[in-house]
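S.K.: Handing you a structure now.
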Amino acid sequence: MRYLLFAILLLNLSVTNAQLDCPVPYATNKGDQKYHITTGIGLTKLYGDMDKSGTMGTAFFLKFDYRLLTGLHVGIEAQLGSLEAVSSIVDERYVTNNYYSGGIFVTAYPYDLIVNSKSSYNYSFKNRLLSGIYVGLGVSGIRNSYKEGDIYRDPNLLYTYGPIAYYDENGLPVFKEKINSLLFPAVNAGLALPINKHTTRTGRYWSAVLNAQFNFANNELLDGYIPYDQNSQRIQGRNDMYTFYSLGVRYSF
């Protein structure tokens, strides 16, 4: 009897050890981690009061998401970067400004909301790809910082003016160096593709993230200009916006 009990004990220890050495089956851990931290870098493109621009700036971002339910996240995002543009017309307008922004976003993963929340998960590449597609909507506050020489203005040409802080003793305008704007809507679309989700025993995993973001300002000041025509008449144009295309990495835990 003692030998039988000893053999059963050895068998249990062997099975336990084998389980520790094997990845957790995906059926026991759907990978719905509550917290996600994403960071990355990319290119910005400013659309404002210059007709065409092939110039692009750079930006860095950091984002933290919390899973409300399968396929639906809420999070906060911070950006630090530059917005640049050079006009192709003869007045030589250009702008280079540094900015930082922060906002809140809601992100939806349609495939997980519709399919994976209601059925067992098949860890194929197709399912990973479909589950990683997302769209997001948010609102951000942004501050632009302009330094002397970073933006072209001609006091004799009113249509190169921007937001004026005050007039100096010679009656010439002095422009604001910092401008606050609201970005709404701020729209995200992208793909978060898990790298090691099916091999981790802890359930924590890494993903590669490809993202496109479209930020629409509530004013015409992202580029530092207020549009006027050749007759110094204010033009009511469209509000400024910028895009941000980025590559990043995400840690889910």
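The values are calculated or read from the model by the stated rules, or taken from the named source; none is laboratory data. All values reported here derive from a predicted model rather than from experimental measurement. Every residue, glycine among them, receives a Cβ derived from its backbone with ideal geometry; neighbour counts consider all protein chains shown. Note: accessible area is taken over every heavy atom of the protein model, side chains too, but ligands, DNA and RNA are not part of it. Shrake-Rupley method; radii C 1.70, N 1.55, O 1.52, S 1.80 Å.
S.K.: When you scan region 31-49, do you find a residue that is farther than 30 Å from L113 by Cβ, over 18 Å from the mean Cα position of the chain (by Cα) and at pLDDT 70 or above, even just one?
M.R.: Yes, there is a match, as at least one residue in region 31-49 is farther than 30 Å from L113 by Cβ, over 18 Å from the mean Cα position of the chain (by Cα) and at pLDDT 70 or above.
S.K.: Additional query: Which residues, counting only those in region 207-253, are among the aliphatic types (A, V, I, L, M), part of a loop (DSSP other than H, G, I, E, B) and open to solvent by 10 Å² or more (accessible area, probe 1.4 Å)?
M.R.: Once the filter is applied, which keeps residues that are among the aliphatic types (A, V, I, L, M), part of a loop (DSSP other than H, G, I, E, B) and open to solvent by 10 Å² or more (accessible area, probe 1.4 Å), region 207-253 yields L221, I226, I235.
S.K.: So L68 fits all but one of (1) closer than 20 Å to N239 by Cβ; (2) free of Cβ contacts under 8 Å to residues at least 12 places away in the same chain; (3) not β-branched (V, I, T); what number is the exception?
M.R.: (1)
S.K.: Okay, next question. I'd like the full set of residues that are within 11 Å of L72 (Cα to Cα) and either open to solvent by 50 Å² or more (accessible area, probe 1.4 Å) or among the acidic types (D, E) (or both), limited to region 102-113.
M.R.: Listed by number, the residues that qualify are V106, P110, Y111, D112, L113.
S.K.: Of the residues Y228, Y167, Y242, which single one is under 23 Å from the mean Cα position of the chain (by Cα) and either aromatic (F, W, Y) or on the phi < 0 side of the Ramachandran plot (or both)?
M.R.: Unique residue meeting the criteria: Y242.
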